[in-house]
Amino acid sequence: MATPGILAAVCIIYVVFLFAVAFAADRAARRGRGAWLRSPLVYTLSLSIYCTAWTFYGAVGFAARSGMEYVTIYLGPSLVMIGWWWTLRKMVRVGRSQRITSIADMISSRYGKSNLLAVCVTILAVIGTTPYIALQLQSVTLSFAAFSPPGPEGGRSVQSIAIYVALGLTVFTILFGTRNLDANERHHGVVIAIALEAVVKLLALLAVGIFVVWGLEGGLAATLERIDASPIGDFDVSGSRWTALTLLSAAAFLCLPRMFQVMVVENEDEGHLRTAAWAFPLYLMLISLFVVPIAAVGLELMPTGSNPDLYVLNLPLLAGQDGLAILSFLGGFSSATSMVIVAAIALSTMVSNHIVMPIWLRATGGAAMMSGDVRQVALLARRLSIGGVVMLGYLYFRLSGGGTALAAIGLVAFAGVAQFLPALMGGLVWRGATRNGALAGLGVGFALWVYCLFLPSFGAGVILPQHVFDAGLFGLTWLRPQALFWTGGMDPLVHAVMWSMGLNTAAFCIVSILGFPRPVERLQGAQFVNVFDHSQSPGSWTGGLGQSEDLLIMAQRIMGAAEAQELFTRAARRQGLSGYLPEPSPEFLEWLERRLSGSVGAATAHAMISQIVGRATVSVEDLLAVADETAQIMEYSSQLEAKSNEQARTARQLREVNEKLTQISVQKDGFLSQVSHELRTPMTSIRAFSEILRDGGLAPDELQKYATIIHGESLRLTRLLDDLLDLSVLESGQVVLNAQTGTLAEVLDRAVAATMGSVPTSLRILRDPGGEDVRLSTDMDRLAQVFINLIANARKYCDAPAPTLEVRAEVGEAEVVIDFVDNGTGIPLKDEALIFEKFSRLGQTRAPGAGLGLAICREIMHRLGGTISYLPGQGGAAFRVTLPHEAG
Amino acid sequence: MAGQVLIIEDEPNIIEAISFILSRDGWHVRTHSGGEGAMAAVRERRADLIILDVMLPHRSGFELLADIRSDADLGQTPVLMLTARGQRKDREMAERAGASRFMTKPFSNAEILEAVRALAGAA
């Protein structure tokens, strides 16, 4: 009989052999040889890590306990491979074009590179995978136990097997999973090793099956008879459970981190999927071929109470076929180890990339980015993560006591990782899916999974107290973990899958629809959903320094020449290169993209870099996203422009005000100078003649004459001061109007009397009594002042031989119009604009007056609400006064 | 022999006052009112001194002074400029235009007499 010692030796030899194969494969891959490494067959076989120890041993147990239901575990993936071939290809294409490193990376990348999402997916993946790793350790331990003699001592040594297995797997995984920190995260050695293990486990199961059918039962017919007789044929098949299980295994096939690792990350060539689409279902069919016969024969031959999970091992042992038993053991060992290795690699990538590294980078304040030890830290993080993940599985195994409860863990874990499905698939087909939708879906799905399936799986009273099962959380009956919303009476697994997946999908859709994708999400969504439209047939990484040069030119345009140069040189030094151009590695590109997006926005930076490195041609969606950003930038700059326009306007207004002030100042200077002149001129005469008078010795007529001059000039001064004060009052608006009523004729009469009365004159005034008979209600004194001025002007300036002033009045609809027209030569055209200005005496000196008269008239008419203007082309000087009718 | 003084001014009362003062002091006084035809009056008979008002209708005193100064024959004639505006700017312009002296109205009779004696006596 094979002892555990022999078994351990076989294990070690087997592992060393795998080690050698993996090492050789890695070497061949590095040297560019070994095309066989990249064959579709290897890819297909690597997919077989779907079949873990749980399927190797457990399928038989499953069949022995629940009949044909075990088929669903193989049916789901087969349906996915055949029916969803197109979706798988899309996932693989996206994974390659986006350089996806894990399922967490995939989901976070799709939703705007959200690290929060990546962290969530990573944590959930670890929670979902840890029991599964424990399950593998348990199966190895149990299979060891099957060989060891019963007894407490043997049992203890078998228990300690688990820790050795765990340690060995950790070492193996670290050696081949983290030998290099490849950009594409591919592990040729590991893949070839698990492909080999896939062959071993298939051969082992087929060998056991053939032995059981032909060796133990003596032929196919006898076996079929036995099956018909066994309870397997009688098991009732529940439709809902079948549907749920098929759906679950299909979802898990797509969402399990380890499946994603081999299917997407390790994929060498999209075309391999074409082969895998038929070859993998065939593999599954072969591996499940003898499950029912072994179960049926096991139920018959094995003593009641023996573990049906170990029929595969115990049937050969029972028949004394130690060699076959060891092969069977190796098959199970292969299943367990390949699963743990790939799961550990996948999870460690996620944990180190999305949790450890961001924390470390933040803790070191980004200083490490500038030094060269990022790579070392990343490797260390990866290695520690592998150890952590495997040890977590070991701890779970030890704490759970290694009981048979673990058998149910497989489906529970499936249901857990299946929660990724809505976010993953939704992100591939629906551009409107948003980060918040994905977070909401994942959160709801996982919460329900934990509450309805994971915690109850430990049994009532272990974690969830019994009363929660009976009366619901907080005593709310609709919150019973296995009868949510009063949907009691269902199979607990179906119940949990229905509610968690249903509400997960609903939350994902509703939150996505209600929200709005950010530009990065929009861009990534377009890249994912339309991956076939704008990704070239993916080749391996072909970046070169030429691309770096283009990138540098682009970066210089955005960041400025000196800064870009410095950044590139620093990046090159970090990569250990001399010179100023770094290799366009994904890390560098990602880093550059981040830097540039600070200046031009994430979508733009991404599109520009993609364009240069040929990762993807820029699609319409990219451009739209870019346009969105550009529009935002333009809006911002137009706001700036508006502001600067406003400033220009303000400046112009200031300039205008300043000009006006300057003008006013000039006018004031001019006015003062005029006033000075008007005052000094009469004062000169007065002073000169008063001195002459004082000197004495004048003839009486001279005395008389000079005294008269002094008197006249004094009057002139007085008049000037009166006018100035009058004008000042009028201009400042402080004038008090004294409204009276009367006819126009009365005002004109007063004006004529005041002008003509005192001094004899030759001026004749022609009046129009008919037109003047209009009642006015205005300040009559002020109006008379205007008329007096106009009549006085005519008297002073009309140069006709028989000076005549015609006063015509006309009552219009809105106003009363009074024209004063004389028969002189009038005012020269060039002076017409000036006559209402102060001191504009037009060079005429023979009449007294300071030249303020018309300026005063204009102010008065303005105050009375009317106008006074010069009427050109009337022969002589002509003025028109208008008054609003309301006032009349 | 008594000097010839030409007064160019637009205020009749001021012409009369200056004429009286200068005549009493023994000067031969000619007068011209306003800017128009003033140059002809200047050329008509050589004067020992021209008294010129700045604010003349039609033609400013500065323009007239420039004409006098640019005349080959009469260019050296002393010119006493009078202004009623009393601004420093006028004084500067007068000096630039070549005025021999500049007086602001109103002035005392003694002042103008002294100025005339000084300017016409030097000529």
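At a glance:
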read-out: Backbone N within the range B:81-112 under 19 Å of label point (7 Å from A:Val666 Cα along the Cβ vector); value: B:87-90, B:93
read-out: Shape category assigned to the range B:4-122 from the gyration tensor of Cα positions, a/c cut at 1.5; value: rounded
read-out: A:Leu721/A:Asn645 FRET efficiency (R0 41 Å; Cβ-Cβ; nearest 0.05); value: 0.25
read-out: 29 Å Cα-Cα threshold exceeded, pairs from A:Lys705/B:Lys89; A:Lys643/A:Lys668; A:Lys660/B:Lys89; A:Lys660/B:Lys105; A:Lys796/B:Lys89; value: A:Lys705/B:Lys89; A:Lys643/A:Lys668; A:Lys660/B:Lys105; A:Lys796/B:Lys89
read-out: Three semi-axes of the equivalent ellipsoid, the range A:735-887, Cα gyration tensor, whole Å, largest first; value: 23, 17, 15
read-out: Percent carbon-and-sulfur accessible area, the range A:627-728, ignoring ligands, DNA and RNA, probe 1.4 Å; value: 58 percent
read-out: About the Cα centre, charge dipole magnitude for the range B:4-122 (Lys/Arg +1, Asp/Glu -1 at Cβ), debye; value: 220 debye
read-out: ³J(HN,Hα) computed for each position of the range B:50-67 - Karplus, 6.51 cos²θ - 1.76 cosθ + 1.60, integer Hz, glycine/proline x; value: 10, 9, 10, 7, 6, 8, 10, x, 6, 8, 6, x, 5, 5, 5, 4, 4, 4
read-out: Neighbourhood charge, 15 Å Cβ-Cβ cut-off, centred on A:Ser328 and excluding it, Lys, Arg +1 and Asp, Glu -1; value: -2
read-out: Modelled FRET efficiency - R0 51 Å, A:Asp322 with A:Leu399, Cβ distances, 0.05 increments; value: 0.90
read-out: Simple Cβ-charge dipole of the range B:1-50, Lys/Arg +1 and Asp/Glu -1, about Cα centre, in debye nearest 20; value: 280 debye
read-out: Cα gyration tensor category, rounded, prolate or oblate, for the range A:763-829 with a/c compared to 1.5; value: prolate
read-out: Highest-first arrangement of B:101-113, A:416-428, A:690-702, where packing means the average Cβ count within 10 Å; value: A:416-428, B:101-113, A:690-702
read-out: Packing-based order for B:7-20, A:386-399, using average beta carbon neighbours within 10 Å, highest first; value: B:7-20, A:386-399
read-out: Of all accessible heavy-atom area on the range A:735-887, the percent that carbon and sulfur account for (1.4 Å); value: 52 percent
read-out: Accessible surface, per residue, of the range B:4-122 when the full set of protein chains is kept, probe 1.4 Å, Å²; value: 43 Å²
read-out: Summed buried accessible surface, chains A and B, 1.4 Å probe, nearest 100 Å²; value: 2100 Å²
read-out: Two-site FRET efficiency, A:Asp799 against A:Ser777, from Cβ-Cβ distance with R₀ of 30 Å, rounded to 0.05; value: 0.20
read-out: Amide N proximity, the range A:322-349 versus A:Met391 label position 7 Å along Cα-to-Cβ, cut-off under 15 Å; value: A:348
read-out: Rounded to whole Hz, the Karplus (6.51, -1.76, 1.60) HN-Hα couplings of the range A:586-591, x for glycine and proline; value: x, 4, 5, 5, 4, 5
read-out: Summed residue charge, Cβ within 11 Å of A:Val297's Cβ, Lys/Arg positive, Asp/Glu negative; value: -1
read-out: Averaged over A:682-694, number of beta-carbon atoms from partner chains that fall within 10 Å; value: 6
read-out: ³J(HN,Hα), Karplus 6.51/-1.76/1.60, whole Hz, each residue of the range A:213-219, x for Gly, Pro; value: 5, 8, x, 8, 9, x, x
read-out: Cα-centre dipole for the range A:629-765 with unit charges at Cβ (Lys and Arg positive, Asp and Glu negative), debye to 20; value: 260 debye
read-out: A:Ile13 paired with A:Asp701, simple spin-label distance in nm, labels 7 Å along Cα-to-beta-carbon; value: 16.6 nm
read-out: Whether the range A:188-273 is rounded, prolate or oblate, judged on the alpha carbon gyration tensor where a/c under 1.5 counts as rounded; value: oblate
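The values are calculated or read from the model by the stated rules, or taken from the named source; none is laboratory data. For clarity, every value in this text was computed on a predicted model and none was experimentally measured. All Cβ positions, glycine included, derive from the backbone under ideal geometry; neighbour counts span all protein chains shown. Surface accessibility is based on the protein's heavy atoms, side chains included, excluding ligands, DNA and RNA. Shrake-Rupley method; radii C 1.70, N 1.55, O 1.52, S 1.80 Å.
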